[in-house]
Structure formats: C-alpha cells, structure tokens
Amino acid sequence: MKIGIIGAGNIGGNLTRRLTALGHEVSVANSRGPHTLTALAEETGATPVAVEEAARGAEVVVVTVPVKAVPDLPAGLLDGAAEGVAVIDTGNYYPRERDGRIAEIEDEGLTESRWTERQIGHPVIKAFNGTYAQDLLERPRPAGDPGRMALPVAGDDDRAKRTVRALIDELGFDTVDAGGIDDSWRQQPATPVYGLRAGVDAVTKALAEASPERTPEFRG
C-alpha cells in the first residue's frame, strides 16, 4: 500500500520504520524539507519528499504534526491522493505546553480531530494519539496473543476506519472502535485510555469511563 507520512517526529519516524519493514511504499515529509530526512530514508527505504508531495497517490496519509502546525499545512494537501484516501490524525492539543489556546476547541467544544478536519478539509480517523512511540517498535504482538495491546480508533468514515484498523492489526495491535469524530474526546489527553497499555476489554472500559469535561491542565 502507498502511504504518506507528514511529520517525522517520534510517532511519524517509528511508523515510517514499521510500515516500510512491512513492505509498504512510504513517502515521508516534514516542515524542514526532504534533505533533513536522509538518515531516516537510508535506514528505512522510505522516500523523503516535500510536504506538498507526501499524499500523492497515497491510499493512507498520516498527519502527525503539532496541532498548532496543522493550519500551516499546504492548501490542497490531499488533492493528489488516491480516491477514498484514509487520513489518520495522531494529534493532541497541548495548549499550555505547545499549541496556545484554540478557541474552536475550548469555546465551541470541537473535538481536537474535528478541528483538524476543518483545517485540512477532509475527514480524518483519530488513531495513535495516545500511543507511546517506542511501543510501536517494542510491543507488537501476533493476533490472539494475551499481551497484545489495543488502540482506540475514532472516525465517521466507516470504509476509512476499516482500512486504518486493518493497518493497525498488521502493525501488531488490536483496535477498539471509539465511535465517530465527535466521540473522539474519549481518547484525548487526560482521559483514562490516553497512554493506556492494555487489551481490548480494558480499553473498551476506559473509553466508557471518559468524561467530556476538559481538565484544567489541558485548557489554554
């Protein structure tokens, strides 16, 4: 499968490593330009590209940049993607540590991924946002393994969600359907599932126990 990854930080870099190892054709981009991705490309076989090129022909695009950087992504970012492209949003809103206050999230009550959808003009599937980057390398397990971790996945597009869940299964993790994007507050920072290393039952329980109230430390 052709996959574009926008953002080469901890999550983006390790997804590049895992997905290329699984045989996918990966293009990776960051804000500093492809010349800064030479080492990652040599390590993995991924193709370093400009952000504008990352989605070209891609069946899956992973947007894994700081929330504050999402509005700066190029207009028409997904214009050259494959029809029906599944877009994964791994982002989290950290108003005090990094992103500054975003009124639509705090005043209008938009989920973080609904806000991201509006910025890029395309539906997204929220996944990997509460996953430790190192776990992508160290914690994959075969299907049925009692130690296999489960990741929550939210989104409105059922077809895209199935694509993403199948990809996560291939990466060595179970998934739990966390509902639509308006339900994705259940996996935002400070919720019980955020950072949880557990299986399907525990992740399902944690999603059910989440509160829609944003905690003070995650308000701007």
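Only residues that are part of a helix (DSSP H, G or I) and surrounded by 12 or more Cβ atoms within 10 Å (Cβ to Cβ) were counted in region 20-53, giving 12. Is at least one residue of region 89-97 under 21 Å from G12 (Cβ atoms) and either hydrophobic (A, V, I, L, M, F, W, C) or assigned to a helix (DSSP H, G or I) (or both)? Yes, that holds for at least one residue.
Among residues of region 170-199 that are open to solvent by 20 Å² or more (accessible area, probe 1.4 Å), those with a Cβ under 9 angstrom from a residue that is outside any loop (DSSP other than H, G, I, E, B) and at pLDDT below 95, sequence gap 6+ or separate chain, pair up as A190/E217; A190/F218. Among residues of region 161-179 being in a loop (DSSP other than H, G, I, E, B) and among the small types (G, A, S), the one that is nearest to M1 (Cα to Cα) is G172. Can you confirm whether region 180-190 contains a residue that is within 18 Å of A133 (Cβ to Cβ) and in a strand (DSSP E or B)? No, the conditions are met nowhere in region 180-190.
Within region 117-153, restricting attention to residues that are more than 16 Å from A166 (Cα to Cα) and of a type in the set (K, R), the residue that is surrounded by the fewest Cβ atoms within 10 Å (Cβ to Cβ) is R118.
The values are calculated or read from the model by the stated rules, or taken from the named source; none is laboratory data. Note that the coordinates shown come from a computational prediction; the quantities given were computed from them, not determined experimentally. Cβ coordinates were reconstructed from backbone atoms using ideal geometry, including for glycine residues, and neighbour counts include every protein chain displayed. To get the accessible areas, we keep the full protein, side chains included, count just its heavy atoms, and leave off ligands, DNA and RNA. Shrake-Rupley method; radii C 1.70, N 1.55, O 1.52, S 1.80 Å.
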